[in-house]
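Chemist: Sharing a structure, written as structure tokens. Questions coming.
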Amino acid sequence: MKTFCFFESNELEPSFEVIPLGFSFFALFFGPLWGLANKLWSISFVWILSSITIYFASKILFYSSFFFLTILTSNLFWGIYGRDMLIQFLINKKKIPKKIISADSEKNAVIIFLSEKV
């Protein structure tokens, strides 16, 4: 079973967002590009600029394997902590975490969440 966290906004029109918790394979493979797709602009741009800097530094110093090791550990970091960074971003945008639900799929979690609100 997967675990999902539901966030609601303080706006007049009620809306919610569903964020799966735990490890993200998409973030593992795509790293900062996954962050850009999830609107984590500042973290992703800093990460991309750091990667470019490390790439050119490794070319100058002839340590090409260092760059690939850096990208590997970077993407591992994104896979482990990417969803946590996304949750912190939503909390900073004044989204309120309302409920954590374990379900087989996101659709089932939404059904459980909406049925409990009635």
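Chemist: Rg and Dmax in Å for the chain, alpha carbons only: what are they?
Modeler: Values for the chain (Cα only, Rg and Dmax): 17.8, 63 Å.
Chemist: Work out the FRET efficiency for ILE52 and LYS94 from their Cβ-Cβ distance, taking R0 = 41 Å, and round it to the nearest 0.05.
Modeler: 0.80
Chemist: Same structure again: Given only helices, namely DSSP H runs of n ≥ 4 each adding -39500 (n - 2.57), what is the per-residue ellipticity at 222 nm of the chain, to the nearest 500 deg cm²/dmol?
Modeler: -20500 deg cm²/dmol
Chemist: Above 11 Å lies some portion of the pair distances; for the range 28-67, what is it as a whole percent of all C-alpha pairs?
Modeler: Cα-Cα pairs in the range 28-67 separated by more than 11 Å: 62 percent.
Chemist: Another question, then. Between the DSSP loop rule and a limit of at most 14 other Cβ atoms within 10 Å, which trypsin sites (Lys or Arg not before Pro) in the range 39-118 are left?
Modeler: Sites meeting the loop and neighbour criteria: LYS39, LYS93, LYS94.
Chemist: What is the local net charge at PHE77, summed over the other residues whose Cβ is closer than 15 Å to its Cβ (Lys, Arg +1; Asp, Glu -1)? Each step should come with its number before you reach the end.
Modeler: Details: positive: ARG83; negative: ASP84.
Once all neighbours under 15 Å are counted, the net charge is 0.
Chemist: Here is a further query. With the chain treated as a Gaussian network of Cα nodes joined by springs under 10 Å, which of SER24, SER15, SER51 yields the largest mean-square fluctuation?
Modeler: Judging by the Gaussian network model, the answer is SER15.
Chemist: Using the Kirkwood radius over Cα pairs, work out the Stokes-Einstein diffusion coefficient for the range 1-66 at 25 °C and 0.890 mPa s, in µm²/s as a whole number.
Modeler: 166 µm²/s
Chemist: Can you give me the C-alpha center-to-center distance between the range 44-58 and the range 67-82, rounded to a whole angstrom?
Modeler: What the calculation gives is 13 Å, centre to centre.
Chemist: Just from the alpha-carbon atoms, what are the Rg and Dmax of the range 57-118 in angstroms?
Modeler: 19.6, 63
A short reminder: the numbers here are calculations on the coordinates, not readings from a lab. Everything quoted here is computed from the prediction, not taken from an experiment. Cβ atoms come from the backbone with ideal geometry, glycine included; neighbour counts cover every protein chain shown.
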